[in-house]
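Okay, structure first, notes after.
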Amino acid sequence: MNSTHQDQTALLIIDMMNLFDFEGGRGLATSALRCLPAIKRLRQRFDAECAPVIYVNDNFAHWQGGFHDLLAQCTLSGGPSARIAMALAPGAGHYYVLKPKHSAFLCTPLSVLLAQLHVRRLVLTGIALDSCVIATALDANMREFDLWVPNDAVGAISQTRKAKALALIRASLDVDTRGTRAVATLFPATN
């Protein structure tokens, strides 16, 4: 990936590799499948521009496994987990970071990676919007990253929770939440 330009934009794909084997998992799987096409379109856009694509995923307390172990587990499990894993499997130039809790920044090397890639703008996608994505948005905001959270590339256990989280992100962080089709570039133009 191209890391020579200053102020790059990176795409974060958060927690899409998931077994959905928890309370509310079925609703979250449905939402993840809904946002999958938008995330794929964004990833293609970033790949075409040689811009960084970073998968950030819970390790589900499997401290001895890596990202590819998680990907294999999702693929073997069948159902929505396998559909998503096969559709979004990382390419050769993509990055991946495992996280122990909600925020992509908490106890991970993400800040170091973003600094080395000269990233100042983040596009946050994935699940769950009202938990891991919003925690990442708050931490990114505190680190003074510019953010875009496309409303069609994020999901939550319910539409109500998604709507409330999007409203909070817009109101509290002043983040653009227009969908991927409304913004044709890697990042919305600043006024």
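Calculated from the alpha-carbon coordinates, segment 141-184 shows an Rg and a Dmax of 10.8, 30 Å respectively. Amide H to amide H distances under 5 Å link I14 with V56, T125, G126, I127, where only residues 5 or more positions off or on other chains count and H is placed in the peptide plane. Think of it as helices only: each DSSP H run of n ≥ 4 in the chain is worth -39500 (n - 2.57), and spread over all residues that comes to -12500 deg cm²/dmol at 222 nm. According to the Cα-based calculation, Rg over Rh for segment 109-164 is 1.01, with Rh computed by the Kirkwood formula.
The equivalent ellipsoid of segment 73-133 has semi-axes of 24, 15, 11 Å, largest first, where each one is the square root of 5 times an eigenvalue of the Cα gyration tensor.
Distance between the pseudo-spin-label points of L106 and E23 (7 Å out from Cα toward the beta carbon): 1.9 nm.
Taking amide H positions as modeled 1.01 Å from N, with prolines and chain starts lacking one, the residues under 5 Å from L147 and 5 or more places away or on another chain are L122. From the Kirkwood radius over Cα pairs of segment 14-153, Stokes-Einstein at 4 °C and 1.567 mPa s returns a whole-number translational diffusion coefficient of 85 µm²/s. Treating r as the C-beta distance of S158 and C50 and R0 as 45 Å, the FRET efficiency rounds to 0.75.
Taking the convex hull of the alpha carbon positions in segment 41-114 and averaging its projected area over all directions gives 5.5 nm².
Please get the size of the charge dipole for the chain, origin at its Cα centre, with Cβ charges of +1 on Lys and Arg and -1 on Asp and Glu, quoted in debye to the nearest 20. Let's see the in-between values first.
On the way: 18 positive and 15 negative charges, 94 e Å.
About 440 debye.
Find the relative contact order for the chain and round it to a whole percent, using C-alpha pairs within less than 8 Å whose residues are 6+ positions apart. Answer for the chain is 29 percent. The residues packed around K162, meaning those with a beta-carbon under 14 Å from its beta-carbon, carry a net charge of +2 if Lys and Arg are +1 and Asp and Glu are -1.
Every read-out reported here was derived from the displayed coordinates using simple, explicitly stated rules and does not represent laboratory data. The model shown is predicted, which means the values in this text are computed figures rather than measured ones. Heads up, the Cβs are rebuilt from the backbone with ideal geometry, glycines too, and the neighbour counts pull from every protein chain shown.
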